[in-house]
1. Out of the residues in the range 218-245 meeting the condition of being open to solvent by less than 10 Å² (accessible area, probe 1.4 Å) and touching a Lys or Arg at 6+ places or on another chain (Cβ under 6 Å), tell me which one is farthest from Leu192 (Cα to Cα).
2. When you go through Thr154, Thr117, Thr175 one by one, which is the residue that is in contact with a helix residue (DSSP H, G or I) (Cβ under 9 Å, 6 or more places away or on another chain) and among the hydroxyl-bearing types (Ser, Thr, Tyr)?
3. Pairs please, first residue from the range 189-214 and within 15 Å of Val177 (Cβ to Cβ), second anywhere and polar (S, T, N, Q) and part of a strand (DSSP E or B), Cβ atoms under 6 Å, 6+ apart in sequence or on different chains.
4. If you take just the strands (runs of 3 or more DSSP E) that sit entirely in the range 145-217, which of them hold at least 3 residues that are open to solvent by 70 Å² or more (accessible area, probe 1.4 Å)?
5. Examine the range 126-137 for a residue that is over 44 Å from the mean Cα position of the chain (by Cα) and surrounded by 15 or more Cβ atoms within 10 Å (Cβ to Cβ), and state whether such a residue exists.
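The values are calculated or read from the model by the stated rules, or taken from the named source; none is laboratory data. Computed from a predicted model, the values in this text were never measured in an experiment. Virtual Cβ from ideal backbone geometry, glycine too; neighbours counted across all protein chains shown. These area figures cover heavy atoms from the full protein model, side chains too; ligands, DNA and RNA do not enter into them. Shrake-Rupley method; radii C 1.70, N 1.55, O 1.52, S 1.80 Å.
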Amino acid sequence: MQGFFNKHKKIVVFWVALSLSMLLTLLFYLNEKTKLEAEIKYILFFVLIFILTYSSMLILKYLNISDSIKTEHNLDKIKDIEINNLKQNEKYRREFVGNVSHELKTPIFNIQGYVYTLLDTDFKNKEIHYRFLSKTASNIDRLINIVEDLDSITKLESGILKLEYSYFDISEMITEVFEMTEIKASQQNYNLKLINLTKNTDVFADKQRISQVLINLVSNSIRYGKEFGTTEVKLIDDTDYQLLISVSDNGTGISDEDLPRIFERFYRVDKSRSKDSGGTGLGLSIVKHIIEAHNKEILVQSKLGEGSCFSFKLPKYNFNKLR
């Protein structure tokens, strides 16, 4: 009832004021000396009260009907939104199942082909055996990586995977990531740069998971980068208590159409190149879940043909606060 009066306050106040003014006018009229009989005066009084009461009921009824119509309209809108969300979720589910099937099917069929080839070849030919067994092992590793990545995402989403916070120097971690990806970068004559614009590079986060984030971002920039390209990792003071970490490249970039979906599982921007890139298609999804588990946000800016920039923030190790 309070919500109703708040919503139609102007109408209610106007009608109450009108009713009171009419009643006061009538009372004043009845107190005056007129030629009308007392009985007629009282009849007019009650007729006026009846008219006011009845008209008030009609107005309230109209307003209630208007409210119910608006409520039904809002409910229809909510239903339409829910139906559209269900359709969109169903579409994503079908795409996800199809992508999982494709990602698992490729290495499994490769393994099957190599094993059957080995069974049909001469066992004395060690060179062929070694070559095909190496390819089989590579595809098995890919299957294991897909399963482990899916398991990590599931645990992060469900909250089963608990973060182990500690203080560590993130500039040292970036140097280690560069060393890990150095061979892949040198094959493409690719440059890796660390630009440190802060004195305090100690952060408070899960060291293992943040390392996973940086490896994924740097590896992606190399994988989809240009020959003689460059990836820059910048450390910038965002505030006294936060450090901004950005990973930017001058590679192929991402189109406006693909940009909203790059953090989806198995979503690949360049499907023709990604088949031979060695990735699982889950890297950016894992990055997003890890950063969000730290109660932070991963941001991306990209322009097709010019490159991309991924950035996120982490709390700094504050010496003054601990004293």
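1. Only one residue tops the list, namely Leu243.
2. Working: Thr154 fails: in contact with a helix residue (DSSP H, G or I) (Cβ under 9 Å, 6 or more places away or on another chain); Thr175 fails: in contact with a helix residue (DSSP H, G or I) (Cβ under 9 Å, 6 or more places away or on another chain).
Among Thr154, Thr117, Thr175, only Thr117 is in contact with a helix residue (DSSP H, G or I) (Cβ under 9 Å, 6 or more places away or on another chain) and among the hydroxyl-bearing types (Ser, Thr, Tyr).
3. Asn191/Thr230; Leu192/Thr231; Lys207/Ser166
4. Numbers: elements: 165-169, 191-196, 202-206.
Of the strands (runs of 3 or more DSSP E) lying wholly inside the range 145-217, those with at least 3 residues that are open to solvent by 70 Å² or more (accessible area, probe 1.4 Å) span 191-196.
5. Here is the first cut: in the range 126-137, the ones over 44 Å from the mean Cα position of the chain (by Cα) are 126-130.
Filter once more, so that each one left must be surrounded by 15 or more Cβ atoms within 10 Å (Cβ to Cβ): 129.
Yes, because at least one residue in the range 126-137 is over 44 Å from the mean Cα position of the chain (by Cα) and surrounded by 15 or more Cβ atoms within 10 Å (Cβ to Cβ).
Matching residues to (1) in contact with an Asp or Glu (Cβ under 7 Å, 6 or more places away or on another chain); (2) outside any helix (DSSP H, G or I); (3) at pLDDT 80 or above; (4) more than 30 Å from Glu292 (Cβ to Cβ):
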| residue | (1), (2), (3), (4) |
| --- | --- |
| Arg94 | no, no, no, no |
| Leu104 | no, no, no, no |
| Phe123 | no, yes, no, yes |
| Glu127 | no, no, no, yes |
| Arg142 | no, no, no, no |
